[in-house]
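Undergrad: Before I ask anything, let me first share the structure, which is written out below as structure tokens.
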Protein chains: 2
Amino acid sequence: MNDLTPSLSSPALDQAHIGIIGAGQLGQMLALAGIALGHRFTFLDPSAQPPAARLGRHIQAEYDDERALAQLAVECDLITLEFENVPVSAVETVTRHNQIYPGAQALASAQDRVHEKRYLTSLGVPVAAYRAVDCLEDVHAALADIGCPAILKTRRLGYDGKGQAVIRSVADAADAWAQMGGHAAILEQMIPFEREVSIVAVRSVRGELAFYPVGQNRHVAGILYRTDIHPEDPAQSTAEGYARLVLEGLDYVGVLAIEFFEWDGRLIANEMAPRVHNSGHWTQNSAVTSQFENHLRAILGWPLGATDRVGHCVMLNLIGTIPERMALLAIPGVHLHDYGKEPRPGRKLGHVNITAASPEQCAGRADAVARLIGSE
Amino acid sequence: MNDLTPSLSSPALDQAHIGIIGAGQLGQMLALAGIALGHRFTFLDPSAQPPAARLGRHIQAEYDDERALAQLAVECDLITLEFENVPVSAVETVTRHNQIYPGAQALASAQDRVHEKRYLTSLGVPVAAYRAVDCLEDVHAALADIGCPAILKTRRLGYDGKGQAVIRSVADAADAWAQMGGHAAILEQMIPFEREVSIVAVRSVRGELAFYPVGQNRHVAGILYRTDIHPEDPAQSTAEGYARLVLEGLDYVGVLAIEFFEWDGRLIANEMAPRVHNSGHWTQNSAVTSQFENHLRAILGWPLGATDRVGHCVMLNLIGTIPERMALLAIPGVHLHDYGKEPRPGRKLGHVNITAASPEQCAGRADAVARLIGSE
């Protein structure tokens with residue numbers, strides 16, 4: 001599948017029926033990009049009214065419902081996912097009937113923080129010191145090796161800072177362990193990073209690779225809040241090199257994001273997401289081709305679109321509430337993406353991409369939006 | 001409604017249920033823009049599986065079905081249309097239950113070529129010499145006034161060159177009249193224009209106005225084939241002035257396009273379309289805000305988005321057939337918009353927006369796409 005020589009695409013995929021496991025905002029944004037390209041969508045998601053359901057057929061079923069997964073696989077021309085915590089067994093069920101990207105191997109590597117760190121280490125990608133821990137005694141032994149401060153995380157199913165506890169001194173260990181709820185965990189050295197950056201990369205069925213400009217991320221309470229795209233970010237070439245190793249090592253197909261800590265001039269991989277990623281949402285309004293379109297081009301075997309930045313851009317998440325639209329949209333260069341969800345504290349309800357012709361203008365507009373959000 | 005002082009938007013319209021009369025590709029592209037903004041859609045369209053139906057609820061009914069129109073009006077928060085040949089009576093039915101933009105007056109002016117020319121003339125916007133004709137004797141009398149060559153068109157329901165006949169000499173008159181099928185018609189002076197340009201303009205409920213850069217259009221067999229956006233087009237300020245007169249004169253709300261002939265340094269209005277327009281499709285990939293988003297912002301009473309061009313752009317329609325996607329998408333800067341229709345000769349199946357950083361690069365890419373389309 002690594003043949004880059006030109007080949008005819010399958011006419012069946014010209015206007016494909018694409019199945020997506022998960023129907024949240026990422027599924028919605030994939031479908032918005034895909035419908036414009038002539039495709040149609042079916043989603044498998046356990047929620048009653050997930051955001052993407054209005055954009056296609058919705059099979060309401062649990063992610064481990066073998067019968068529903070087989071139905072999705074048989075009805076669609078090919079399958080992808082918007083959510084990395086789909087059970088690997090579900091992906092294997094789909095694989096018996098149809099092609100799914102990314103595949104089971106990539107998911108397995110990304111679902112378990114210990115496997116992820118082992119895989120990254122095997123490629124020579126730096127990661128924080130870590131130990132797998134299964135009990136409080138393990139935590140104490142690991143702390144003795146790694147030192148404080150450290151961070152204890154469940155190995156599986158964590159996102160947006162959930163399932164994490166900081167250990168500032170050995171005295172915090174028992175409380176932190178209790179927060180893991182008995183789940184297998186990982187203790188990681190806490191990196192006193194200067195900044196967080198991420199790269200969104202894409203690899204097609206045909207082995208074609210593309211990398212978006214690196215984004216600088218800020219998190220609040222564990223949730224991504226803001227991504228800035230700096231022209232000629234000094235982290236670009238190192239991040240691309242690491243992403244290339246990860247994508248090629250997994251024979252990966254689709255978009256994948258890697259988050260890094262920048263510390264003392266080095267990039268230390270924090271985690272990877274085998275899907276379109278929040279830190280790549282800026283590409284909707286400020287890249288030649290969005291991450292959503294490129295994910296679809298990649299799985300369809302189509303040529304990838306250019307990943308160049310056009311103009312300047314900042315992305316701000318809308319968490320818990322969306323500012324009054326008259327004020328928000330009166331700020332020039334504001335592009336609202338509203339996921340159509342019910343507001344709830346801490347919930348990602350949408351994001352705003354702010355575009356401008358210069359970095360200064362962009363920063364000023366972003367500040368104005370941040371004031372409306374009430375976060376700065 | 002012309003008060004430009006800031007006002008709070010209605011919270012009911014933050015995530016609105018928008019009804020669209022018509023569910024073709026224009027309805028589809030309005031909904032793709034609107035769903036990203038948090039809205040949902042219901043379409044009224046007589047076809048069984050129109051392009052936009054996958055993006056919301058579809059009420060399958062004729063455009064003069066009073067009951068279906070009333071249902072649409074009552075269920076939705078506000079109504080718009082993607083198709084200007086909706087009967088004015090249908091718009092009046094909707095108006096009894098809910099707000100519809102654009103309104104009956106604007107539609108009535110645009111549906112009848114004689115009314116349209118009279119209205120434009122009343123504003124001081126130049127039009128070709130014309131006469132209303134109802135029989136062959138009228139055609140001969142009009143030809144005696146206007147001279148040859150002239151063009152005979154049905155007054156109503158013409159689009160993409162349908163219902164038109166060229167009269168090169170008086171001997172053609174009888175044949176041309178026969179082609180009108182007994183319908184009321186208009187005889188127009190045939191303008192030996194140097195080029196065709198159009199302006200897409202938008203006016204909001206609050207009276208805010210915005211104008212997109214003028215596009216230069218080329219038609220093949222009466223169907224728009226290509227739109228080029230030239231930086232600083234010399235027709236811009238004149239076209240904007242005329243569009244302002246038209247929009248304000250009609251108290252118009254939404255996007256409206258006016259096509260002009262450029263002849264001997266003057267702009268002569270050919271026709272206007274009270275809706276989003278094919279010559280504005282380039283705005284999806286090369287304007288800060290697309291015509292589709294701005295139409296929705298306008299009818300919702302939201303601030304309009306910037307209409308500036310970003311980079312360089314050419315739009316090419318895909319008529320009758322779509323080129324092989326592997327070859328098409330391998331050309332950098334190509335943005336495919338596939339309406340998901342069954343191919344049929346002469347049918348608009350999609351369009352391609354070609355973007356680039358320079359006019360020369362853009363022209364080269366557009367030539368490559370045109371070669372694939374087989375049209376140049």
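Undergrad: Residue-wise, which Karplus ³J(HN,Hα) couplings in Hz belong to the range B:360-374, taking 6.51 cos²θ - 1.76 cosθ + 1.60, θ = phi - 60°, and x for glycine or proline?
TA: These are the phi-based 3J(HN,Hα) values: 5, 4, 5, 5, x, 5, 5, 4, 5, 5, 4, 5, 5, 5, x Hz.
Undergrad: Further question: What are the nm distances, shortest first, from A:Glu92 to its equivalents in the other copies, labels at 7 Å along Cα→Cβ?
TA: For A:Glu92, the other copies' label points sit at 6.9 nm, shortest first.
Undergrad: OK, next. Counting only helical runs of four or more DSSP H residues, what would the 222 nm mean residue ellipticity of the protein assembly as shown come to if each run contributes -39,500 (n - 2.57) and the total is spread over all its residues?
TA: Helix contribution divided over all residues of the protein assembly as shown: -9000 deg cm²/dmol.
Undergrad: Using the Kirkwood formula on the Cα atoms of the range A:1-114, what hydrodynamic radius do you get, in angstrom to one decimal?
TA: 14.4
Undergrad: Next question. Whole number please: convex hull volume per residue of the Cα set in the range B:41-189, in Å³?
TA: Value for the range B:41-189: 128 Å³ per residue.
Undergrad: Turning to a different aspect of this structure: If you consider only alpha-carbon coordinates, what radius of gyration and Dmax does chain B have, in Å?
TA: When restricted to Cα atoms, chain B yields Rg and Dmax of 20.5, 63 Å.
Undergrad: Note the distances from A:Pro343 to each other copy's matching label point, with points 7 Å along the Cα-to-beta-carbon direction, in nm, sorted shortest first.
TA: Inter-copy label distances (nm, one decimal, shortest first): 5.0.
Undergrad: Report the Cα centroid-to-centroid distance between the range A:296-357 and the range B:234-269 in angstrom, as an integer.
TA: So the separation of the two Cα centres works out to 33 Å.
Undergrad: Restricting things to alpha carbons, tell me how big the range B:167-259 is in terms of Rg and Dmax, in Å.
TA: 17.1, 52
Undergrad: ³J(HN,Hα) across the range B:308-323 via Karplus (A = 6.51, B = -1.76, C = 1.60, θ = phi - 60°), whole Hz, x for Gly/Pro?
TA: Running phi through 6.51 cos²θ - 1.76 cosθ + 1.60 with θ = phi - 60° gives 4, 6, 10, x, 10, 8, 10, 10, 10, 6, 10, 10, x, 7, 10, x Hz.
Undergrad: So which trypsin sites (Lys or Arg not before Pro) in the range A:114-171 pass both tests, a DSSP loop state and at most 16 other Cβ atoms within 10 Å of the Cβ?
TA: Answer in residue order: A:Arg156, A:Lys162, A:Arg168.
Undergrad: Using a 7 Å offset from Cα along the direction of the beta-carbon, what are the separations from B:Asp134 to the same position in each other copy, nm, ascending?
TA: Reported distances to equivalent positions: 9.5 nm.
Undergrad: Out of residues 5 or more away from A:Glu271 or on other chains, whose amide H comes under 5 Å of its own, with H placed 1.01 Å from N in the peptide plane?
TA: Here the answer is A:Glu259, since their amide H atoms fall under 5 Å of that of A:Glu271.
Undergrad: Just to check, using Stokes-Einstein with a Kirkwood Rh over alpha carbon pairs, what's the diffusion coefficient of the protein assembly as shown at 20 °C and 1.002 mPa s in µm²/s?
TA: Taking Rh from Cα pairs, D becomes 77 µm²/s.
Undergrad: Please list the three semi-axes, largest first and in whole Å, of the ellipsoid equivalent to the range B:231-376, using sqrt of 5 times the eigenvalues of its alpha carbon gyration tensor.
TA: Its equivalent ellipsoid spans semi-axes of 28, 18, 16 Å.
Undergrad: Out of residues 5 or more away from B:Gly19 or on other chains, whose amide H comes under 5 Å of its own, with H placed 1.01 Å from N in the peptide plane?
TA: Under 5 Å from the amide H of B:Gly19: B:Thr42, B:Asp77, B:Leu78, B:Ile79, B:Thr80.
Undergrad: Which of A:Ser169, A:Ile373, A:Ser47 sits farthest toward the positive end of the charge dipole of the protein assembly as shown, with +1 on the Cβ of Lys and Arg and -1 on the Cβ of Asp and Glu?
TA: A:Ser47
Undergrad: Kindly provide the pair-distance distribution of the range B:246-325 built from C-alpha pairs, with 10 Å bins from 0 and whole-percent values in order of increasing distance.
TA: 16, 38, 35, 11, 1
Undergrad: What residues qualify as long-range amide H neighbours of A:Gly305, i.e. H under 5 Å apart, gap of 5 or more or another chain, H built at 1.01 Å from N?
TA: Those qualifying (amide H under 5 Å, at least 5 residues apart or on another chain) number zero.
Undergrad: Still on this structure: Let me test this: with uniform point scatterers at the alpha carbons of the range B:62-137, what is the Debye-based log₁₀ I(q)/I(0) at q = 0.21, 0.22 1/Å?
TA: The calculated log intensity ratios at q = 0.21, 0.22 Å⁻¹ are -0.88, -0.92.
Undergrad: Other chains' Cβ within 10 Å of A:11-21 residues: what's the mean?
TA: 1
Readers should treat all values here as calculations from the given coordinates under stated rules, not as data from a laboratory. Owing to the predicted nature of the structure, the values given are computational and were not obtained by experimental measurement. Please note: Cβ atoms are built from the backbone with ideal geometry, for glycine as well, and neighbour counts cover all protein chains shown.
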